[in-house]
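Just so it is clear, none of the values below were taken in a lab; they were calculated from the coordinates. Here the structure is a predicted model, which is why all the values come from computation and not from measurement. A quick note on method: Cβ atoms are made from the backbone with ideal geometry, for glycine too, and the neighbour counts reach across all protein chains shown.
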Amino acid sequence: MDFYHVNAHEFKFQTLEQYVLQPFVDLGVPTKDIWYAGFGNTLYDMYAYHRAGIAAYRMFLIDKKSRIYACDATIVSPGEDDNCSKRDVAKLDHPKQYESLKGTLFVTGYLDPDLMTYILQE
Amino acid sequence: MISGCTAYDLILVDGRGREAHPDDDSNTTVFSMGACMFRFGSYTSSSDDDRRMMMTIPPPRYTVYLVVHDRRTGDTLRFPISAHNTLQQQQPTTTGDSSLLSQPQPHDPAALQQLVEALTWSSPDRTVDGPPYPANFVLVSSTEHGETILGMAPMRIFVVLHSTSLAIVDVDGTITTSTLSGFWNTAVRQDYSIRHCHAGVVPFLHQLVHRPTGTNASSSTTPTIQCIYLTNRPITYVDATRSLLNELREDIYTLPKGPLLGFTGNLAGVFQVGLSCHDVYAVDTWRVHTDKGALLLDY
């Protein structure tokens, strides 16, 4: 029996880059204008989406209880202003580090009307 | 014929009308497309006589073609796919040049333009509401006696505008309620009922793409959104996954149409990938073990 030793996040990032992102890049479209949102259920999804260019606060993590977290918690360094506005963060080195980005919680998940409002806001 | 011929969908980006940049070499590129993903299962001859016969015949040349229906003329167009999974002209100007195989070949621009014209000539104002265009990857064997079609892998081509924004949606665990059980119930048992999915996922995605305009101040600046479904499922389950995405219903809503992209490995590779992610959440109640080479699941 053959096993493919491919990590999920590497596979997804490669797929997004080669089959989705590249056609837009070839046409000169800025990466920030390509992605609107990313929905996944593991931190590995968040890692892959972020590497592909989706802003962290446009990534949404759903758990087994159908609760959805927006990855909009900013990473604050010592001495940094705690009131810094929502912004994209630098790429993290390991998928598990994206646990710290779980921010706004939508308790009822897809049924939460605030989720659509949140996504559509500028 | 080869069994197990499957392919993921293609995304073709229409760059007409985008703003020109003086220093941007991509101004000459009007259309662009992702690489082709297909799989043709292993061919097995039907008898020992066939195998002996095949050994005495000069080896055939195998070519994969992208075959589409030209909506203008009603003809069937076929574009050869290079060794780098890119689209080439229908009648290549050079043949037998093995040096080309070692060089990455982008999609041929003329072939892309011809493909777009053949698919969309009747719908110049296409939007994300427009239907995806059916096509096939066809594996052809060519000998001195003629051509033989060995396999066909149906797929769809999605033409999106360069100004379209993309929403990536994972399938198992994001649309379905669980990774392994979601895969088992929807892909293997082919149970497409909503009970295996998160409540509200279908109306949410439907309304995200087909949201009404003019009802709020930000709607005029919200771009057109195209959903792209990304899955860990192996390519052999692409038809079952497409069926799930097409047939899933919740209330009056259906999932928005979008290309399906996924894993190019096998089922064992899927579980290898899935199990590597389980240190993040509690381990599913599935137990995976092997028995004489077979992959077994206990729930």
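Just a few scattered comments:
- Once the Cβ-Cβ distance of A:GLU10 and B:ARG72 is raised to the sixth power relative to R0 = 30 Å, the FRET efficiency obtained is 0.10.
- Once the Cβ-Cβ distance of B:GLN207 and B:ARG249 is raised to the sixth power relative to R0 = 25 Å, the FRET efficiency obtained is 0.95.
- Across A:LYS64/A:LYS102; A:LYS32/A:LYS64; A:LYS12/A:LYS65; A:LYS12/A:LYS91; A:LYS32/A:LYS96, pairs whose alpha-carbon gap is larger than 21 Å: A:LYS32/A:LYS64; A:LYS12/A:LYS65; A:LYS32/A:LYS96
- Linear extension gain, B:GLN105 paired with B:GLN90, 0.36 nm per residue minus alpha-carbon span: 3.9 nm
- Estimated distance in nm for a label pair at B:ASP191 and A:GLN97, the labels positioned 7 Å out from Cα along Cα-to-Cβ: 4.1 nm
- Multiplying the residue separation of A:GLU17 and A:ASP33 by 0.36 nm and removing their Cα-Cα distance gives an extension gain of 4.3 nm.
- Exposure proxy ranking, count of Cβ atoms within 10 Å, fewest first, for B:VAL64, A:VAL29: A:VAL29, B:VAL64
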